[in-house]
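Have a look at the structure below before the remarks.
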Amino acid sequence: MRFILIATIFVTLPFFLSAQTITISGKVLDKENDAPLVFASIGVKGKSIGTVSNSLGEFDFHVPPSYKDDLLVISMLGYENLQTPISNLLNRDTVVFKLNKAVQMLDEVVIQDSLSGEDIARVALNRISENYPMRPFLVDGFYRDLKKIGGTYFSLLEAAVKIYDKGYEAPKNKTRLRERVELMEVRKSLGYNSRFTKYFDQNNLLEDLLLHNNLRYRQFPEEEAFYSAFKRSKTSYFNGRKVFVIYQRQANFFLRMYIDVRNYAVIRLEYQRYYDDAIIKKKRDKVSKYIYDKKTIDFKEYQGKMFVNYMNLESKINWYDEKTDSLQFETELHQELLINRVYPNSDERIGSTQKMRRYGLQYQDEPYNKEFWSNYNVIKETPLDKKIIADLEQLGALDDQFEKY
């Protein structure tokens, strides 16, 4: 990730106005080298809706027409916030926004203090109950998973969901899902009928992803060695405030956390873990071995509490010949969850009849609703996605697949 740079944003218009939404299409770039700013947060000031930029810095943001007099806000680690009235963007073909370097405002963003990485980690993890919602809340989200085998993508599933949580109270069981999820819409490719699906888990992958929220489920070691291993990096900047950056690197994993200096809230967590050669599954004459997990969890503040903004998880498992141990093929699973609206202190709950079933989402059929998806905040496609689509469309146009399956 690049910090302490200048950002440029190109917003492509016109807007597409309907009775339902205004659509803002934009691109978030670094001014100095035109590099895209990935996973920048895009929202409306004071509102609980938002989206994120893709791997090219691009986004499509659908907002209600009633927000046209509000401010569009774009946030990114290492940058000043960008704010501009949504109404000023109307009827203009291209709008370019330039940001000053955060380093100029923060005097090289160096904090003269004696806090160690260990000190910062202890305070941050001890303040989870202060910085994260402890009362029930509801969110709207967009979930996507992609499966890849031997370098080719063969299945795609996307879902619009509601997620209800009673709060970030420490769970007794750190591996059992506490949230309740309601599926609003699901669409999937024909690849879910492929013979290759047997080489992937058939359980509920969205449930598995939610369980990767280390802060929600307190999934941190309690041993002294865990805390003492943290080191500090150069302090950064986010949302008008300074941010501690701490990390630890071990032989088989890397963990980095970005922590608000003001209240010690963790605003971002990045984690990579590499596994040994232990066999995890057998299927006929083949055995599988976990290679790695890589994940990012991004949080966003609303009404004084931190809520998940975006989660990304990439997992790789290789399959080998049981007798010769020769590599047969590689499998990869890519998962994303974008939270596009938060309802704090919600009285609305998800009942047992609405609750997502625990088995695979691909079996929880809902008719494809094309109009719904045209106005729902999702993560925008990239040229990489075009390659993915080309792989998937060997079985026919995706819209046709969504209709049929």
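The values are calculated or read from the model by the stated rules, or taken from the named source; none is laboratory data. Remember, predicted model here, so these are calculated numbers, not experimental data. We place every Cβ from the backbone using ideal geometry, glycine too, and count neighbours over all the protein chains shown.
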What residue, of ILE317, ILE280, ILE297, is modelled with pLDDT under 95 and surrounded by 19 or more Cβ atoms within 10 Å (Cβ to Cβ)?
ILE317
Unique residue being surrounded by fewer than 16 Cβ atoms within 10 Å (Cβ to Cβ), in contact with a Ser or Thr (Cβ under 9 Å, 6 or more places away or on another chain) and farther than 27 Å from ILE149 by Cα when the list is ASN340, ASN375
ASN375
Confirm whether PHE10 is out of contact with any Pro (no Cβ under 9 Å at 6 or more places or on another chain), of a type in the set (A, V, I, L, M, F, W, C) and modelled with pLDDT of 80 or more.
no
When you scan region 25-44, do you find a residue that is at pLDDT 90 or above, more than 18 Å from the chain's Cα centre (by Cα) and not aromatic (Phe, Trp, Tyr), even just one?
yes
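One line per residue, one yes/no per condition, for (1) at pLDDT below 90; (2) assigned to a strand (DSSP E or B); (3) surrounded by 15 or more Cβ atoms within 10 Å (Cβ to Cβ):
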position	(1), (2), (3)
ARG92	yes, no, no
VAL103	yes, no, yes
VAL109	yes, no, yes
GLN112	yes, no, no
ASP119	no, no, yes
GLU130	no, no, no
PHE142	no, yes, yes
SER155	yes, yes, yes
Any idea which residue in region 162-178 is nearest to TYR359 (Cα to Cα), counting only those that are of a type in the set (A, V, I, L, M) and assigned to a loop (DSSP other than H, G, I, E, B)?
LEU177
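Looking at VAL44, VAL63, VAL52, VAL73, can you tell me which residue is of a type in the set (Val, Ile, Thr), under 23 Å from SER374 (Cβ atoms) and either without any contact (Cβ under 8 Å) to a residue 40 or more places away in the chain or touching a helix residue (DSSP H, G or I) at 6+ places or on another chain (Cβ under 6 Å) (or both)? Explain how you work it out, then say what you get.
Details: VAL63 fails: either without any contact (Cβ under 8 Å) to a residue 40 or more places away in the chain or touching a helix residue (DSSP H, G or I) at 6+ places or on another chain (Cβ under 6 Å) (or both); VAL52 fails: either without any contact (Cβ under 8 Å) to a residue 40 or more places away in the chain or touching a helix residue (DSSP H, G or I) at 6+ places or on another chain (Cβ under 6 Å) (or both); VAL73 fails: under 23 Å from SER374 (Cβ atoms).
None of the other options fit; the residue is VAL44.
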When you scan region 202-240, how many residues do you find that are among the charged types (D, E, K, R), free of Cβ contacts under 8 Å to residues at least 40 places away in the same chain and more than 24 Å from PRO133 (Cβ to Cβ)?
2
For region 207-243, how many residues are in contact with a Lys or Arg (Cβ under 7 Å, 6 or more places away or on another chain) and either assigned to a loop (DSSP other than H, G, I, E, B) or hydrophobic (A, V, I, L, M, F, W, C) (or both)?
5
